[in-house]
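Asks: Can you read through this structure? Questions will come right after.
The values are calculated or read from the model by the stated rules, or taken from the named source; none is laboratory data. Quantities reported herein were computed from a predicted structural model and do not represent experimental measurements. Cβ: placed from backbone, ideal geometry, glycine included. Neighbour counts: every protein chain shown.
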Amino acid sequence: MEQPRRITDCFPRRRRRRAGRAPGKAKGRSWPRPRAPSPTEDPPPPSPDRALLEMLRRFDLAWEYGPCTGITRLQRWERAQALGLSPPDPIRDALLEHRDNPDVTYSLWHEYAL
């Protein structure tokens, strides 16, 4: 009587490697070192503190100022101001102060497609 066939019978068998270094790797070779920034490059902007990011997140989630997808936080603040919704002034001050930082400029949802 013939044994039932298994799906793994179709694939060639491979021998297991012994523990140690991976094949093709030379001894003593390490990963490439990260590139140091050149003196001509501008340093990245400092990251804003958590309290500021939390305040901006609450602004994004507050629907009384209108939808926040597809526009920057400053554009949303200005639109709410023009509509007479009186958005908080500390939000505008923070947005103008950290204008070059994308973590502050864009809303929570800017990475999602519309």
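Asks: Take the residues in segment 89-114 that are closer than 13 Å to L56 by Cα and among the aromatic types (F, W, Y), then tell me which one is modelled with the highest pLDDT.
Replies: Looking at the filtered set, the residue picked out is Y106.
Asks: May I ask you to list pairs of residues, at least six apart or on different chains, whose Cβ atoms are under 9 Å apart, with the first in segment 54-73 being on the phi < 0 side of the Ramachandran plot and touching a residue at least 24 places away in the same chain (Cβ under 8 Å) and the second being assigned to a helix (DSSP H, G or I) and aromatic (F, W, Y)?
Replies: Every condition considered, the pairs that remain are F59/Y65; F59/W77; C68/F59; R73/F59.
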